[in-house]
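Asker: Below you will find the structure I want to go over with you.
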There are 2 protein chains.
Amino acid sequence: MPDTFYRERQRNLVQQVRKEGCDAVLVCSRGTLRWLCGFSGSNGALLLTESGSWFFTDGRYGGEAQGLVSSGAASAVGIVSSALPAAVFGLPDFSGAIRDITEAAGHSARIAVEADHVTVASHEAMLAAVSEHACACRLCPLSGLAEALRAIKGVAERDAMTRALRLTESVFLDVLTLVQEGVSENDLAAEIDFRQKRAGASRSSFEPIVAFGRNSARPHARPGPDRLAPATPILFDFGCELDGYCSDMTRMACLGRPPPEFMRIWSVVNAAREAAVEAAVAGMSTLVLDQTARRVIEEEGHGEHFVHSLGHGLGIDVHEWPSVSHRAAHILQEHMVVTIEPGIYLEGRFGIRLEDTIVITGAHCERLNRLSTETVIL
Amino acid sequence: MPDTFYRERQRNLVQQVRKEGCDAVLVCSRGTLRWLCGFSGSNGALLLTESGSWFFTDGRYGGEAQGLVSSGAASAVGIVSSALPAAVFGLPDFSGAIRDITEAAGHSARIAVEADHVTVASHEAMLAAVSEHACACRLCPLSGLAEALRAIKGVAERDAMTRALRLTESVFLDVLTLVQEGVSENDLAAEIDFRQKRAGASRSSFEPIVAFGRNSARPHARPGPDRLAPATPILFDFGCELDGYCSDMTRMACLGRPPPEFMRIWSVVNAAREAAVEAAVAGMSTLVLDQTARRVIEEEGHGEHFVHSLGHGLGIDVHEWPSVSHRAAHILQEHMVVTIEPGIYLEGRFGIRLEDTIVITGAHCERLNRLSTETVIL
């Protein structure tokens with residue numbers, strides 16, 4: 001991403017926390033750090049105020065941290081030798097920034113922290129550090145600040161996600177040539193991961209799911225040593241990370257002709273998927289979208305077999321805002337990217353899930369997938 | 001693991017929380033759930049009391065949850081339709097268990113929760129649920145309870161980790177045959193991951209690190225498109241998960257003869273590693289062990305280039321207790337399994353890290369690695 005993107009995102013997040021009555025925000029979660037400054041390591045913290053940004057990490061990432069300053073993604077860096085984020089409260093740079101805020105605001109600085117990512121122990125360590133270093137600040141745990149901003153994807157982000165999906169689709173077609181009697185779930189899953197990386201992905205979005213026959217009745221089956229027998233349905237669910245953004249796709253195949261019952265259930269799941277893709281539009285509640293697909297499945301008597309949410313936001317993280325579920329309401333907005341993945345799971349027999357990715361537009365939505373959702377008969 | 005192991009671990013954890021004045025413990029972290037009952041999914045909660053164990057998850061894992069009851073790893077299960085763990089406070093099973101505790105104890109139940117894993121938002125949601133459902137209980141966030149127990153490995157666990165390391169060592173030797181001019185870091189990393197899985201691993205412990213030349217000066221380099229030139233040092237750091245347990249190993253290789261400066265630095269790192277392996281013994285503080293290796297490096301004038309901890313505990317998670325670091329003191333105990341991985345990083349030139357895995361015994365320690373730490377010249 002060009003560095004102007006990072007600076008704009010940082011400004012937007014500071015504006016957002018100011019609306020909540022805070023003067024600064026301390027970000028530690030991995031996905032949001034990547035979105036705000038491009039840092040992709042496992043341990044960092046970014047303090048954002050109206051006047052600047054301070055990045056903190058440990059010695060392992062000293063080189064990366066210096067790179068953030070050279071590129072303009074951070075205005076200063078600090079290397080800490082003990083556990084982040086509490087350790088930053090003792091650093092001169094950090095307390096200097098807090099002092100500046102306090103003087104400008106005329107009251108002790110209110111620092112937003114990520115309530116959905118900071119643990120209870122880490123929060124207590126931060127409070128202890130505030131008191132130990134007599135930092136004139138107050139911590140305000142808040143939920144979903146950056147998540148709401150991250151949910152709206154820019155052109156470059158949508159482009160990266162489209163390219164990640166193209167790569168995943170092409171690897172799917174490629175791996176279908178390996179499907180034959182006797183191949184194992186483990187074999188196919190390893191091939192998928194390998195081929196995605198060889199085609200340029202930095203990693204799989206998650207460990208690929210390949211599930212044969214009744215294993216597919218478990219929505220989050222892990223691949224195992226089972227070997228493929230004729231007339232067995234196969235569920236593939238995988239994706240990759242390309243230029244920092246994820247793809248996620250689920251398709252069904254069958255070695256030989258699947259039983260008629262399978263095809264009947266497939267039509268129900270596919271109709272549910274289609275109904276949701278048709279209905280999705282900016283301004284709609286995600287509860288309503290979930291309900292749109294769920295009703296199709298319920299009307300066919302399989303409501304109790306659709307045991308998960310309809311979908312989820314997709315981006316730097318494979319699961320991010322908005323939630324597309326019967327549990328939490330978000331409002332769909334233009335340029336949100338979400339998955340639509342209804343499923344029906346018949347314990348002891350088989351499961352069917354079909355997953356597309358859509359971008360919300362003003363007039364309905366754009367489906368990013370090129371591949372159809374037909375069951376591939378091999 | 002045999003199910004008697006799970007029941008014993010559950011009993012030990014309940015005893016541990018009782019020492020802290022609690023009547024029950026609610027576990028949600030992934031590694032500890034796996035250790036306590038074998039569940040390997042992404043969303044679960046286990047309530048342990050002296051009289052039983054209740055496992056809670058969402059609809060996606062209904063099949064797995066039933067399996068826990070059949071095998072005796074849990075005495076009952078509940079499926080929740082909203083966000084764990086707060087949702088469990090409204091379930092009849094859960095409140096029944098709390099009522100039993102309260103009646104037996106004659107005071108409101110004190111439930112330990114994992115301070116290092118529960119987020120501030122989740123903790124607040126649990127407190128709200130306690131009040132909404134008028135649950136007669138108090139939450140007690142505590143650190144490191146299960147982590148301290150998990151750090152002491154049983155025979156079957158040490159055996160799984162030894163087998164995981166053998167697999168990793170064999171893949172390392174195998175992948176060395178692919179090292180040639182023009183191969184990329186990405187290619188080699190993808191091959192490592194693929195070959196570990198093909199050899200029976202369920203996954204890599206972490207995305208394999210392959211770093212050429214000056215890239216190796218970044219301790220947590222991510223593989224990239226760089227292609228190998230002659231006389232370039234290569235750092236390999238990878239491991240796999242086998243039967244639920246991790247391996248983790250770092251070795252150096254070089255295409256052609258490395259420069260004399262490289263060999264000199266290698267001897268320093270290797271001497272530091274050897275000093276730590278020689279010194280490690282039950283009863284020793286991990287601060288002292290870290291210092292033993294760090295002093296060797298400092299005496300050669302490279303203290304500032306050893307920018308991370310000496311090592312970490314290894315098990316179900318690739319980083320677990322004990323910490324082996326200059327920051328936090330743990331006491332080494334018999335049957336702890338830790339990595340020893342000193343490194344020297346020369347920005348812009350190269351980095352050298354050598355990583356072994358040891359089991360602490362009464363008399364010193366047992367080194368699990370079979371492969372030497374010599375630089376492999378190719």
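Asker: Which pairs have Cβ atoms under 9 Å, sit 6 or more apart or on different chains, and link a residue in region B:93-114 that is farther than 17 Å from B:P141 by Cβ to one that is aromatic (F, W, Y)?
Answerer: Matching pairs, first to second residue: B:D93/B:W54; B:D93/B:F56; B:F94/B:W54; B:F94/B:F56; B:S95/B:F89; B:A97/B:W54; B:I98/B:F89.
Asker: Sticking with this structure for a sec: Would you pick out the residues in region B:275-327 that are touching a helix residue (DSSP H, G or I) at 6+ places or on another chain (Cβ under 8 Å) and among the hydroxyl-bearing types (S, T, Y)?
Answerer: B:T292, B:S309, B:S323, B:S325
Asker: Out of all the residues in region B:276-297, is one or more of a type in the set (V, I, T), modelled with pLDDT under 95 and within 30 Å of A:A87 (Cα to Cα)?
Answerer: No, region B:276-297 contains no residue that is of a type in the set (V, I, T), modelled with pLDDT under 95 and within 30 Å of A:A87 (Cα to Cα).
Asker: Looking at (1) open to solvent by less than 40 Å² (accessible area, probe 1.4 Å); (2) more than 14 Å from chain A (Cβ to nearest Cβ); (3) in a loop (DSSP other than H, G, I, E, B), find the lone condition where B:A156 falls short.
Answerer: (3)
Asker: Also, I was wondering about something else. Identify all residues within region A:95-145 that are within 14 Å of chain B (Cβ to nearest Cβ) and either farther than 20 Å from A:S29 by Cα or in a helix (DSSP H, G or I) (or both); write none if there are none.
Answerer: A:V120, A:A121, A:S122, A:H123, A:E124, A:A125, A:M126, A:L127, A:A128, A:L145
Asker: Same structure again: May I ask you to verify whether A:S247 is of a type outside the set (F, W, Y), without any contact (Cβ under 8 Å) to a residue 40 or more places away in the chain and buried (at least 22 other Cβ atoms within 10 Å of the Cβ)? Step through it out loud before you land on a result.
Answerer: On the way: of a type outside the set (F, W, Y): yes; without any contact (Cβ under 8 Å) to a residue 40 or more places away in the chain: no; buried (at least 22 other Cβ atoms within 10 Å of the Cβ): yes.
No.
Asker: Need at least 3 residues that are modelled with pLDDT of 95 or more per element, so show me which helices (runs of 4 or more DSSP H) inside region A:1-94 make the cut, counting only ones lying wholly within it.
Answerer: Working: elements: A:3-19, A:30-37, A:62-71.
Of the helices (runs of 4 or more DSSP H) lying wholly inside region A:1-94, those with at least 3 residues that are modelled with pLDDT of 95 or more span A:3-19, A:30-37.
Asker: I'm checking my understanding of the structure. Among residues of region B:42-57 that are open to solvent by 10 Å² or more (accessible area, probe 1.4 Å) and within 21 Å of A:E207 (Cα to Cα), which one is farthest from the other protein chains (Cβ to nearest Cβ)?
Answerer: B:N43
Asker: Give B:L145, B:L167, B:L149 a once-over and let me know the one that is within 30 Å of B:L332 (Cα to Cα), open to solvent by 10 Å² or more (accessible area, probe 1.4 Å) and modelled with pLDDT under 95. Talk me through it step by step, then tell me what you get.
Answerer: Details: B:L167 fails: modelled with pLDDT under 95; B:L149 fails: modelled with pLDDT under 95.
The conditions single out B:L145.
Asker: Follow-up question, since we're still on this one. Suppose we filter region B:221-260 for residues that are in a strand (DSSP E or B), in contact with a helix residue (DSSP H, G or I) (Cβ under 9 Å, 6 or more places away or on another chain) and more than 14 Å from chain A (Cβ to nearest Cβ); how many remain?
Answerer: Going through region B:221-260, the residues in a strand (DSSP E or B) turn out to be B:227, B:232-238, B:240-242, B:245-246, B:249-255.
Now narrow it down to the ones that are in contact with a helix residue (DSSP H, G or I) (Cβ under 9 Å, 6 or more places away or on another chain): B:227, B:232-236, B:238, B:240-242, B:245-246, B:249, B:251-254.
From the residues that got through so far, the ones that are more than 14 Å from chain A (Cβ to nearest Cβ) too are B:227, B:232-234, B:236, B:245-246, B:249, B:251-254.
So the answer is 12.
Asker: Filter region A:199-220 down to the residues that are more than 14 Å from B:D193 (Cβ to Cβ) and outside any loop (DSSP other than H, G, I, E, B) and list them by number.
Answerer: Answer for region A:199-220, where residues must be more than 14 Å from B:D193 (Cβ to Cβ) and outside any loop (DSSP other than H, G, I, E, B): A:I209, A:V210, A:A211, A:F212, A:G213, A:R214, A:N215, A:S216, A:A217.
Asker: Condition test on A:D23, is it more than 21 Å from the chain's Cα centre (by Cα), more than 23 Å from B:P223 (Cβ to Cβ) and crowded, with 17+ Cβ neighbours inside 10 Å?
Answerer: yes
Asker: Every residue in region B:169-187 that is in contact with a strand residue (DSSP E or B) (Cβ under 9 Å, 6 or more places away or on another chain) and closer than 17 Å to B:S205 by Cβ, please.
Answerer: B:E169, B:V171, B:F172, B:V175
Asker: Could you grab me the full set of residues in region B:221-243 that are touching a Leu at 6+ places or on another chain (Cβ under 9 Å), under 24 Å from B:L167 (Cβ atoms) and surrounded by fewer than 24 Cβ atoms within 10 Å (Cβ to Cβ)?
Answerer: Hits for region B:221-243 are B:A221, B:P223.
Asker: Another question, then. Taking the condition without any contact (Cβ under 8 Å) to a residue 40 or more places away in the chain, among the β-branched types (V, I, T) and away from chain B (no Cβ under 14 Å), does A:V69 pass? Even if it seems obvious, please write down each step before you answer.
Answerer: Values: without any contact (Cβ under 8 Å) to a residue 40 or more places away in the chain: yes; among the β-branched types (V, I, T): yes; away from chain B (no Cβ under 14 Å): yes.
Here the answer is yes, as A:V69 does meet what is asked.
Asker: Filter region B:72-94 for residues that are under 32 Å from the mean Cα position of the chain (by Cα), away from chain A (no Cβ under 14 Å) and more than 21 Å from A:R218 (Cβ to Cβ) and give the result.
Answerer: B:S75, B:V88, B:F89, B:F94
Asker: Among the residues of region B:178-196 satisfying the criterion of being assigned to a helix (DSSP H, G or I) and open to solvent by less than 20 Å² (accessible area, probe 1.4 Å), which is nearest to the other protein chains (Cβ to nearest Cβ)?
Answerer: Within region B:178-196, the subset assigned to a helix (DSSP H, G or I) is B:185-196.
So of that shortlist, the ones also open to solvent by less than 20 Å² (accessible area, probe 1.4 Å) come out as B:185, B:188-190, B:192-193, B:196.
Details: B:E185: 11, B:L188: 11, B:A189: 7, B:A190: 4, B:I192: 10, B:D193: 6, B:Q196: 9 Å.
Only one residue fits best here, namely B:A190.
Asker: Sticking with this structure for a sec: Give the residue that is farthest from the chain's Cα centre (by Cα), with candidates limited to residues of region A:205-220 that are at the interface with chain B (Cβ under 9 Å from one of its Cβ atoms) and open to solvent by less than 10 Å² (accessible area, probe 1.4 Å).
Answerer: Result: A:A217.
Asker: With the condition being open to solvent by less than 20 Å² (accessible area, probe 1.4 Å) and within 14 Å of chain A (Cβ to nearest Cβ), I'd like the strands (runs of 3 or more DSSP E) fully within region B:261-378 carrying at least 1 qualifying residues.
Answerer: Working: elements: B:311-313, B:320-324, B:337-340, B:343-346, B:350-353, B:356-360, B:365-367.
In region B:261-378, the matching strands (runs of 3 or more DSSP E) lie at B:311-313, B:343-346, B:350-353.
The values are calculated or read from the model by the stated rules, or taken from the named source; none is laboratory data. Model, not experiment: these values are computed from the prediction. Positions of Cβ are backbone-derived with ideal geometry, glycine not excepted, and every protein chain shown enters the neighbour counts. Accessible surface is based on the protein model in full, side chains and every heavy atom, while ligands, DNA and RNA are left aside. Shrake-Rupley method; radii C 1.70, N 1.55, O 1.52, S 1.80 Å.
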